[in-house]
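**Student:** Structure incoming, see below.
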Amino acid sequence: MEEPAQQRKGRLTLVLALATLIAAFGSSFQYGYNVSAVNSPSELMKQFYNDTYNNRTGELMDNFVLTLLWSVTVSMFPFGGFVGSLLVGPLVNKFGRKGALLFNNIFSIVPAILMGCSKVAKSFELIIISRLLVGICAGVSSNVVPMYLGELSPKNLRGALGVIPQLFITIGILVAQVFGLRNLLANDEGWPVLLGLTGIPAALQLLLLPFFPESPRYLLIQKGDEQAARDALQKLRGWDDVDEEIVEIRQEDEEEKSEGFVSVWKLFQLRTLRWQLISIIVLMGGQQLSGVNAIYYYADEIYLSAGVKSQDVQYVTVGTGAVNVFMTIVTVFVVEFWGRRLLLILGFSTCLTACIVLTVALALQDTISWMPYISITCVIVYVIGHALGPSPIPALLITEIFLQSSRPAAFMVGGSVHWLSNFTVGLIFPFIQLGLGPYSFIIFAVICLLTTAYIFLVVPETKAKTFIEINRIFAKKNKVSEVHPEKEELKDLPQTILQQ
């Protein structure tokens with residue numbers, strides 16, 4: 001009789017599958033959608049900025065002012081993401097994981113309405129404010145969704161479900177690219193609708209997510225409500241015998257009892273979390289600084305130089321988005337077999353190779369006729385590599401390598417690094433491109449190389465391990481006692497912090 005119980009233990013139940021889909025579609029999808037939504041109609045929107053200014057003043061906007069306003073519009077999104085990351089800790093500790101996602105929908109529905117009405121209201125300021133608000137929404141959701149799903153999942157499904165948010169980000173990018181085709185919504189009448197559609201997933205999540213359980217770990221460890229945690233686990237697992245998981249959560253609670261809530265400040269001081277923290281900073285920085293946004297930024301020029309007609313570039317871009325979605329689906333299925341570490345090494349190495357070959361191809365494309373086709377291949381290979389590891393795995397790892405009390409602070413640090421790196425690349429890349437031209441990808445190649453080396457030397461495999469087991473692997477790396485590491489943590493802390 002033992003075998004069926006074992007098989008049953010880690011299955012994907014309908015409740016768990018639906019909770020995953022609603023959380024990811026309502027939150028992660030919007031992140032991807034808003035990353036891409038302003039790309040297609042950018043010229044139309046600049047024209048709107050100019051017309052609005054002209055109506056108000058009777059003059060045309062200076063070219064420099066227009067460029068500046070447009071850069072502010074684009075960069076408000078990652079800046080909002082950074083602000084959102086700083087809100088993660090307070091929100092998940094006050095409202096819970098599910099509650100934080102529900103609250104976060106305010107930052108999507110309000111700007112969706114504002115952006116949809118911006119043209120009628122003749123106000124480009126509404127768009128700039130809205131980009132900040134949808135950025136905050138993305139900053140919160142990009143951290144809370146992986147945390148929520150990681151805490152809902154049984155250990156054997158944690159990897160696959162942890163990649164689902166990234167899958168929905170790529171689907172969001174693809175949907176925005178499709179709706180952004182000129183004969184659909186990237187036209188004079190359609191662009192406000194294109195921007196306003198982001199409110200629909202948020203409204204659906206607001207209606208449906210309340211019917212699904214809160215994180216059992218949050219209910220037991222932070223709320224101290226064992227019955228609620230037991231009920232949530234029974235709903236998620238589809239059977240009554242959840243004692244083993246309750247014991248494991250309680251053990252996690254015991255192991256960090258005296259540690260209390262870990263603030264970001266305290267996180268940087270704890271010796272027991274040193275390598276976990278460095279790993280998250282390296283992985284989140286590597287994810288954004290490895291050039292993924294620059295590749296997308298450069299892609300149109302690469303396609304044009306390969307002879308793709310300017311009116312057809314939009315379709316090639318959609319094709320690249322589709323490759324991204326397909327490869328992320330592949331990652332969902334292989335992450336539990338190949339493990340996190342192998343996918344990260346494979347992904348970053350692929351990006352490294354693509355950057356080096358792309359640099360050579362761009363440098364030689366005027367002298368060798370078939371070089372532009374090599375450039376296109378490099379873009380697609382890069383997208384495949386990034387979708388395999390660098391895009392989906394870092395957020396999943398934050399959930400896995402930190403315990404309950406330090407997880408919100410870890411997501412705040414990881415999220416801040418993610419969004420600041422994203423913001424920096426968006427701001428600096430055009431200047432690097434002007435200065436270095438095709439050689440700008442050498443910088444990204446170096447970052448990919450350094451990140452790959454770090455993963456190979458430091459990051460352990462975490463698949464199919466409990467949070468406690470993973471914590472003990474890091475205890476050895478941090479050279480602290482394996483049993484009850486919190487006593488070691490407390491030894492390291494100044495007395496003033498202990499009394500807070």
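**Student:** Which numbered condition trips up Thr353, out of (1) crowded, with 19+ Cβ neighbours inside 10 Å; (2) more than 30 Å from Arg11 (Cβ to Cβ); (3) at pLDDT 95 or above?
**Tutor:** Looking at each condition in turn, Thr353 falls short on (1).
**Student:** Taking the options Gly385, Gly347, Gly389, Gly319, name whichever one is free of Cβ contacts under 8 Å to residues at least 60 places away in the same chain and in contact with a Ser or Thr (Cβ under 6 Å, 6 or more places away or on another chain).
**Tutor:** Of the residues listed, the single one that is free of Cβ contacts under 8 Å to residues at least 60 places away in the same chain and in contact with a Ser or Thr (Cβ under 6 Å, 6 or more places away or on another chain) is Gly385.
**Student:** Does any residue of the range 43-63 turn out to be over 19 Å from the mean Cα position of the chain (by Cα), farther than 30 Å from Glu244 by Cβ, part of a helix (DSSP H, G or I) and among the aliphatic types (A, V, I, L, M)?
**Tutor:** yes
**Student:** Are any residues in the range 361-384 of a type in the set (Val, Ile, Thr) and closer than 30 Å to Val459 by Cβ, and if so, which ones?
**Tutor:** The answer is Thr377, Val379, Ile380, Val381, Val383, Ile384.
Listed here are the residues, each with its yes/no results for (1) in the same structural domain as Thr462 (by TED's automatic domain parsing); (2) more than 27 Å from the chain's Cα centre (by Cα); (3) more than 30 Å from Phe456 (Cβ to Cβ).
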{"residue": "Leu236", "(1), (2), (3)": "no, no, yes"}
{"residue": "Asp253", "(1), (2), (3)": "no, yes, yes"}
{"residue": "Phe268", "(1), (2), (3)": "yes, no, no"}
{"residue": "Arg274", "(1), (2), (3)": "yes, no, no"}
{"residue": "Val282", "(1), (2), (3)": "yes, no, no"}
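**Student:** Looking only at the range 128-186, filter to residues that are closer than 15 Å to Val88 by Cβ and among the hydroxyl-bearing types (Ser, Thr, Tyr); which one of those is surrounded by the most Cβ atoms within 10 Å (Cβ to Cβ)?
**Tutor:** It comes out as Ser141.
**Student:** So which residues in the range 99-114 are within 15 Å of Thr73 (Cα to Cα) and more than 23 Å from the chain's Cα centre (by Cα), if there are any at all?
**Tutor:** Selection gives Leu114 alone.
**Student:** Another question, if that's okay. Kindly indicate which of Ala354, Ala363 is more than 26 Å from Gly32 (Cβ to Cβ) and among the hydrophobic types (A, V, I, L, M, F, W, C).
**Tutor:** Ala363
**Student:** Hey, among Glu252, Glu245, which residue is charged (D, E, K, R), buried (at least 21 other Cβ atoms within 10 Å of the Cβ) and over 30 Å from Met115 (Cα atoms)?
**Tutor:** Glu245
**Student:** Search the range 264-302 for residues being within 18 Å of Gln166 (Cβ to Cβ) and modelled with pLDDT under 90, and hand back the single one that is surrounded by the most Cβ atoms within 10 Å (Cβ to Cβ).
**Tutor:** Gly291
**Student:** Can you tell me which residues in the range 115-125 are surrounded by 21 or more Cβ atoms within 10 Å (Cβ to Cβ) and either basic (Lys, Arg) or free of Cβ contacts under 8 Å to residues at least 60 places away in the same chain (or both)?
**Tutor:** Lys119
**Student:** If you check Gly180, Gly196, Gly135, which single one turns out to be of a type in the set (Gly, Ala, Ser), more than 27 Å from Gly96 (Cα to Cα) and out of contact with any Ser or Thr (no Cβ under 7 Å at 6 or more places or on another chain)?
**Tutor:** Gly196
**Student:** Between residues in the range 30-46 that are assigned by TED's automatic domain parsing to the domain that holds Ile171 and residues that are in a loop (DSSP other than H, G, I, E, B) and hydroxyl-bearing (Ser, Thr, Tyr), which pairs lie under 8 Å by C-beta distance while being six or more apart or on different chains?
**Tutor:** Pairs found: Gln30/Thr198; Tyr33/Thr198; Asn34/Thr198; Ala37/Thr198.
**Student:** I would also like to ask the following. Can you say whether Met147 is within 22 Å of Ala232 (Cα to Cα), touching a Lys or Arg at 6+ places or on another chain (Cβ under 9 Å) and in contact (Cβ under 8 Å) with a residue 40 or more places away in the chain, as far as the supplied structure shows?
**Tutor:** The answer is yes for Met147.
**Student:** Something else: Those residues that are in contact with a helix residue (DSSP H, G or I) (Cβ under 6 Å, 6 or more places away or on another chain) and either polar (S, T, N, Q) or over 24 Å from Trp191 (Cα atoms) (or both), I need them from the range 109-138; list them, please.
**Tutor:** The answer is Ser118, Ser130.
The values are calculated or read from the model by the stated rules, or taken from the named source; none is laboratory data. Here the structure is a predicted model, which means the values were calculated and not measured. Positions of Cβ are backbone-derived with ideal geometry, glycine not excepted, and every protein chain shown enters the neighbour counts.
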